[in-house]
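Enquirer: Got a structure for you, written out below as structure tokens; questions coming shortly.
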Amino acid sequence: MIFIFTAKNNNGDTFTITKMNLERIKQEERLFCKSCDSPVMIKAGEIKIPHFAHEKATKCAFASEGESEEHLLAKRQIMAWFGFQGIPVELEHYFPAISRQADIYVSDATVIEFQRSSVPISEMIQRTMDYLSIGLEVHWILGQTIKKEKGRISLTIFQQAFIQFEQKLGYHFWHYSASDKITTLYYHLTFEKGNRFFASEMNFSSKAPMNEWKQKIARIITRHAYVKRDRELERQKICFYYAKFKKHGQFMQKLYSAGYYLHYLPKEIGVDLEEQFLVITPAVEWQFDLWETFFNMLEKGDTFSEECFLEKFQSVVTQIMTIWLSPNECLKLGKSYIAYLISVGVLSVVPEKRYRVKRVMTFSGNRVSRV
């Protein structure tokens, strides 16, 4: 079902249709789509919310986007909250310079996009770049249900696209529930495993003024969460998973072709770090590639630069696609792996961002690795 909620009259005046102003809008002689200028008509029944529809079939880009009633409800609630603050706000503002229609336009400077359905992440990135190109500030709010279980949240690849980083909040994202009329800030996200994260939550009522929101956010302090991990157990689970579900996969075939057994690879391979969510390449796979093509070329006492290592690291991982995170954000994962190898005595630090090999990574189980 396609819903259009804003239209203009012959004079260019814009109307956002609601049940409250329905009769007033019906008095307009003609109404037109804001983006394609085609005539639109009012659709209002006993069940469906009032909206506009093109009188004839059209190739209007915004008529094909489609929005659910839940999406509209959320947009209207968010718009009403800004109106409650006395802040100028407009629903479905069209920007002809970039051929974009924003969900919510605030104070002639800020765009808010509420996203409930899954769309290509690249599309959201391009939309953001278009807004930025004309000097607008952009905020994305996730509208999908967040799965929670045993003190953790689970985020799909699409939901992870909303994650951004700020020094005090750490990795975080904003969520809005139209049914509860609650905005939630999920912050200090800490990766656990798979798609699961630990996170702090802060809820904001739609009835609370903006100053109250700002005061609550100001009380947040920088925090680094520590997740206790059983590395040996995690390694066993990885081996079991690959043996049962991926034994014919590309990675396992590569191991077999090279003459290696997954179970007996160095214990420093297959280590999940808290930044692992930044890449889609599984830890055991990129760490094996690093070991085989980088660390395996080094001997005890050899040194290498951080720059050289990170360049190699980037060549063996694929970073997740997000709206806001830098293309180099995954380098934090590479640096964390270096820190891990230092902590277990594989590497030591030398001046000028260089590292020395203190010991080579050895195979576990007192078995040779090659078939």
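Enquirer: Under 15 Å from a point placed 7 Å out from the Cα of R229 along the Cα-to-Cβ direction: which residues of region 148-192 have their backbone N that close?
Expert: So the set is 190-192.
Enquirer: Let me spell out the model: positive unit charges on the Cβ of Lys and Arg, negative unit charges on the Cβ of Asp and Glu, origin at the Cα centre of the chain. What dipole size does that give, in debye rounded to 20?
Expert: So the magnitude is around 1420 debye.
Enquirer: At a 10 Å Cβ-Cβ cut-off, how would you order T16, T183, T222, fewest neighbours first?
Expert: Arranged by neighbour count, lowest to highest, T16, T183, T222 become T222, T16, T183.
Enquirer: Relative contact order for the chain: what percent, with Cα pairs under 8 Å and sequence separation of 6 or more?
Expert: 11 percent
Enquirer: Which residue, F162, F240, F204, has the most motion in a Gaussian network model of the chain that connects Cα atoms within less than 10 Å?
Expert: Judging by the Gaussian network model, the answer is F240.
Enquirer: Using only helices, what value at 222 nm comes out for the chain when you add -39,500 (n - 2.57) per DSSP H run of length 4 or more and divide by the total residues, to the nearest 500 deg cm²/dmol?
Expert: It comes out at -8500 deg cm²/dmol, rounded to the nearest 500.
Enquirer: Taking neighbour Cβ counts within 10 Å as the exposure measure, how do H172, H139, H54, H224 sort from fewest upward?
Expert: Ascending Cβ contact count within 10 Å gives the list H224, H139, H54, H172.
Enquirer: Can you compute the charge dipole magnitude of region 231-357 about its Cα centre, using +1 on each Lys and Arg Cβ and -1 on each Asp and Glu Cβ, nothing else charged? Give it in debye, rounded to the nearest 20.
Expert: 420 debye
Enquirer: Right, something else. Which of G249, F204, Y105 sits closest to the plus end of the dipole of the chain, meaning its Cα is farthest towards the positive end, when Lys and Arg get +1 and Asp and Glu get -1 on the C-beta?
Expert: G249
Enquirer: On a straight-distance basis, which lysines could pair with K216 in a cross-link, Cα separation under 28 angstrom, same-chain partners fewer than 8 positions away excluded?
Expert: The reachable lysines, counting only those whose Cα sits under 28 Å from K216, are K75, K147, K148, K150, K168, K181, K207.
Enquirer: May I pose another question? Out of these labelled values of P(r) over Cα pairs in 10 Å bins from 0, in percent, (1) 5, 20, 31, 27, 14, 2, 0, 0; (2) 4, 19, 25, 19, 14, 11, 5, 2, 0; (3) 4, 13, 12, 12, 11, 10, 8, 7, 6, 5, 4, 2, 2, 1, 1, 1, 0, 0, which was calculated from the coordinates shown here?
Expert: Correct label, based on the coordinates given: (2).
Enquirer: If you take the square roots of the eigenvalues of the alpha-carbon gyration tensor of region 231-357 and sort them as a ≥ b ≥ c, do you get rounded (a/c under 1.5), prolate (a/b over b/c) or oblate?
Expert: oblate
Enquirer: Of the options F84, M41, P120, report the single residue whose Cα projects farthest towards the positive end of the charge dipole of region 25-145 (beta-carbon charges: Lys, Arg +1; Asp, Glu -1).
Expert: The listed residue farthest towards the positive side: M41.
Enquirer: For a quick check of your reading of the filter: which GluC sites (Glu not before Pro) in region 254-353 sit in a DSSP loop and have no more than 16 other Cβ atoms within 10 Å?
Expert: Taking region 254-353 and a limit of 16 other Cβ atoms within 10 Å, the loop GluC sites (Glu not before Pro) found are E299, E352.
Enquirer: Classify region 134-173: rounded, prolate or oblate, from the alpha-carbon gyration tensor (a ≥ b ≥ c, eigenvalue square roots; a/c under 1.5 rounded; otherwise prolate if a/b is larger than b/c)?
Expert: In terms of gyration-tensor shape, oblate.
Just so you know, all these numbers are worked out from the coordinates, no wet-lab data involved. This one's a predicted model, so the numbers in the text were calculated from it and none came from an experiment. Backbone-built Cβ (ideal geometry, glycine too); neighbour counts: all protein chains shown.
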